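Asks: Have a look at this one before I ask anything.
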Amino acid sequence: MAIEVLKVELKTVQDASGLEDAINAGVFQADEVIAVIGKTEGNGGVNDFTRILADQAYRRVLLKHGKRDEKAVAQIPMVWSGGCDGVMTPHATIFARNGKTGPASESRLAIGTSMSAELLPEDIGRPAMVEKVADAVKEAMRDAGIDDPNDVHYVQTKTPLLTIDSVRDAESRGHHVACEVHDSMGVSNGTTALGIAMALGEIKMPKAEEICRNLDLYSSVASCSSGVELTQAQIVLLGNKPGAGGRYRIGHSVMQDALDIDGIYDAIRNAGLSLPDRPRASDLNGKVVNCFMKCEADRRGTLRGRRQIMLDDSDVHHHRHSKAAVSGVAATAIGDPAVFVSVDAMHQGPQGGGPVVAIIDAGE
């Protein structure tokens, strides 16, 4: 079963016309859509409701044009990351599965999805969440038909964060949460990344005191987001599988810091596209569908030996600084501002850097 990949722009917060146009044009059928990963233009914080609005718009289109009922459509993983700081264009990358097959000698993009066991408020930032996420990642590998963790190049997740109501729920049951509400986005993302790393054999099970503290532990393929709209870990796992069919391949690398444009090109090479030693966007020949990356302000407050003020700025949060900077580097690298750049990269790539994933059109 081959995977079709399409990137479309979001013209407004609730715009799903790109999805609808693709269905009407026969690029794929509504019932073939299996996942969506997108960027919305909100504040990227706990109260970023643009994620919910985009989610609702896309699900309405699938209900309108498909035969799946509301319950089935609600189960489709849609990972919306808020905040298009800098030059980033709001957009969605749509994944659909069709009946095409390919030769066993050719590895092409395969996707698996899963939902974890329920994540309780008191699980966030603790070993219980690491274990529940790891189990769900292994389930997504089985769903994709991928046996070797080395063939996994991207694990995109959406997990819950804390709200005042969920904190009260935990306390009413005699439990205490691991962090404050406004810290819970980063903690949820970081704990999830450790679950991914453990499932794929990148690390061993971390100690409780290492979670969100020992930043030498990380996954090179994790991209974790969190929000108020769910209570489970939603997993979208992508890798290459022989005989999967289709036109697309995926690869990954890491950016060592916010300026590491070579890390982006390394991910594109890893996906299978040949590039010169010093590539430019024009060398990609339109073969890159999209790049997905995580970034974070370096907690040491430096970048290539120079002092940075991101963490000291009381007017603009450091997430905004880092996302804007990395989106500019990424847009320059691929020649397209519709790139997926997300922050809160704790345990996702090296400190001050982050994972980079590239999907390319490899041809028939």
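Computed from the coordinates by the stated procedures, all read-outs in this text should not be read as laboratory data. The structure presented is a predicted model; accordingly, all values stated were derived computationally and were not measured. Ideal geometry is used to build each Cβ from the backbone, glycine not excepted, and the neighbour counts take in all protein chains shown.
Asks: Among DSSP beta bridges whose residues both lie in the chain, state the antiparallel percentage, nearest 5. All intermediate terms of the calculation are to be shown ahead of the outcome.
Replies: On the way: 45 of 60 bridges.
So the antiparallel bridges amount to about 75 percent of the total.
Asks: Here's another thing I want to ask about it. Would you work out which of A110, L161, G38 lies farthest towards the positive end of the dipole of the chain, given +1 charges on the beta-carbon of Lys and Arg and -1 on that of Asp and Glu, about the Cα centre?
Replies: Going by the charge dipole, the pick is A110.
Asks: Sticking with this structure for a sec: Kirkwood hydrodynamic radius, the stretch 87-241, all distinct C-alpha pairs: what's the number in Å?
Replies: Numbers: mean 1/r = 0.0614 Å⁻¹.
For the stretch 87-241, the Kirkwood estimate is 16.3 Å.
Asks: Another question, if that's okay. Give the distance, in whole Å, between the Cα centre of the stretch 170-194 and the Cα centre of the stretch 78-145.
Replies: Result: 21 Å between the Cα centres.
Asks: While we're looking at this one, here's another question. Given contacts defined as C-alpha pairs under 8 Å and at least six residues apart, what's the relative contact order of the chain, whole-number percent?
Replies: On the way: 911 pairs, mean separation 79.5, N = 364.
Dividing the mean separation by the residue count of the chain yields 22 percent.
Asks: Also, quick follow-up: Consider a paramagnetic label point 7 Å from the Cα of L311 along Cα→Cβ; state which residues of the stretch 216-234 have an amide N under 17 Å from it.
Replies: In the stretch 216-234, the label zone of L311 (backbone N under 17 Å from the point 7 Å along Cα→Cβ) covers 216-217.
Asks: Something else now. Let a ≥ b ≥ c be the square roots of the eigenvalues of the Cα gyration tensor of the stretch 81-120; is it rounded (a/c under 1.5), or, if not, prolate (a/b larger than b/c) or oblate?
Replies: Working: a/c = 3.11, a/b = 1.39, b/c = 2.24.
The shape class here is oblate.
Asks: Can you flag which of K158/K323; K39/K323; K64/K241 are past 21 Å Cα-Cα? Please list the in-between numbers first.
Replies: Details: K158/K323 18 Å; K39/K323 12 Å; K64/K241 32 Å.
Pairs exceeding 21 Å: K64/K241.
Asks: Report the charge-dipole magnitude of the stretch 238-364 in Debye, nearest 20, computed about the Cα centre from +1 at each Lys and Arg Cβ and -1 at each Asp and Glu Cβ.
Replies: Values: 15 positive and 15 negative charges, 33 e Å.
Dipole size: approximately 160 debye.
Asks: Can you tell me the FRET efficiency between R280 and S105 if r is taken as the Cβ-Cβ distance and R0 is 35 Å, rounded to the nearest 0.05? Don't skip to the end; give the middle numbers.
Replies: Details: r = 32 Å, r/R0 = 0.91.
The computed FRET efficiency comes out at 0.65.
Asks: So for the stretch 1-154: antiparallel DSSP bridges make up what percent, rounded to the nearest 5?
Replies: Numbers: 14 of 19 bridges.
For the stretch 1-154, the DSSP antiparallel bridge percentage is about 75.
Asks: Here is a further query. Simple spin-label model, 7 Å along Cα-to-Cβ: D143 to N98 in nm?
Replies: Distance between the two pseudo-spin positions: 2.2 nm.
Asks: Checking the a/c ratio against 1.5 first, then a/b against b/c, what shape does the Cα gyration tensor give for the stretch 192-349? Intermediate values should be presented prior to the final figure.
Replies: Numbers: a/c = 1.75, a/b = 1.14, b/c = 1.53.
It comes out oblate by the Cα gyration axes.
Asks: Would you mind estimating how fast the chain diffuses translationally, via Stokes-Einstein at 37 °C and 0.692 mPa s with the Kirkwood radius over Cα pairs, in µm²/s?
Replies: Values: Rh = 20.3 Å.
Roughly 162 µm²/s, to the nearest whole number.
Asks: Further, regarding this structure: List every residue whose amide H lies under 5 Å from the amide H of R108, counting only residues 5 or more places away in sequence or on a different chain, with H placed 1.01 Å from N in the peptide plane.
Replies: So R108 has HN proximity to K241, G243, A244, G245.
Asks: Which of the trypsin sites (Lys or Arg not before Pro) found in the stretch 209-311 are in a DSSP loop and have at most 15 neighbouring Cβ atoms, other than their own, within 10 Å?
Replies: Numbers: sites: R213, R247, R249, R269, R280, K287, K294, R299, R300, R304, R306, R307; in loops: R213, R247, R280, K287, R299, R300, R304.
In loop regions of the stretch 209-311 (DSSP not H, G, I, E or B), the sparsely surrounded trypsin sites (Lys or Arg not before Pro) are R213, R280, R299, R300, R304.
Asks: Further question on the same structure: Expressed in nm to one decimal, what extension gain is obtained for the pair D169 and E9 from 0.36 nm per residue of sequence separation less their Cα-Cα distance? Provide the component values of the computation, followed by the final result.
Replies: Values: separation 160, 0.36 × 160 = 57.60 nm, distance 3.85 nm.
Full-extension gain reported as 53.7 nm.
Asks: With a ≥ b ≥ c the root eigenvalues of the C-alpha gyration tensor of the stretch 150-232, is it rounded (a/c under 1.5), prolate (a/b larger than b/c) or oblate?
Replies: Working: a/c = 2.50, a/b = 1.70, b/c = 1.47.
Judged from the Cα gyration tensor, the stretch 150-232 comes out prolate (a/c at least 1.5, a/b above b/c).
Asks: Explain nothing, just the number: dipole magnitude of the stretch 84-221 about its Cα centre with +1 on each Lys and Arg Cβ and -1 on each Asp and Glu Cβ, in debye rounded to the nearest 20. It would help to have the intermediate numbers written out before the result.
Replies: Working: 13 positive and 21 negative charges, 74 e Å.
Here the stretch 84-221 has a charge dipole of around 360 debye.
Asks: Could you give the alpha-carbon Rg of the stretch 268-358 over 2.2 N^0.38 Å, rounded to two decimals? Could you put the intermediate results ahead of the total?
Replies: Working: Rg = 14.3 Å, N = 91, 2.2 N^0.38 = 12.2 Å.
The stretch 268-358 yields a ratio of 1.17.
Asks: Okay, moving on. Three principal axis extents, largest first, for the C-alpha atoms of the stretch 87-147, in Å?
Replies: 46, 38, 17
Asks: Give the residue from V316, I359, S282 lying farthest towards the positive end of the charge dipole for the chain; charges sit on Cβ (+1 for Lys and Arg, -1 for Asp and Glu) and the dipole is referred to the Cα centre.
Replies: S282
Asks: Based on the Cβ-Cβ distance of L63 and E364, what FRET efficiency does E = 1/(1 + (r/R0)^6) give at R0 = 51 Å, to the nearest 0.05? Let's see the in-between values first.
Replies: On the way: r = 33 Å, r/R0 = 0.64.
Computed FRET efficiency for L63 and E364: 0.95.
Asks: While we're here: Name the residues of the stretch 273-296 whose amide N is less than 13 Å from a point 7 angstrom out from the Cα of D262 along the C-beta direction?
Replies: Within reach of a label on D262, which here means backbone N under 13 Å from a point 7 Å along Cα→Cβ, the stretch 273-296 contributes 277-279.
Asks: Placing +1 at every Lys and Arg Cβ and -1 at every Asp and Glu Cβ, with all other atoms neutral, what dipole size does the chain have around its Cα centre, in debye to the nearest 20?
Replies: 520 debye
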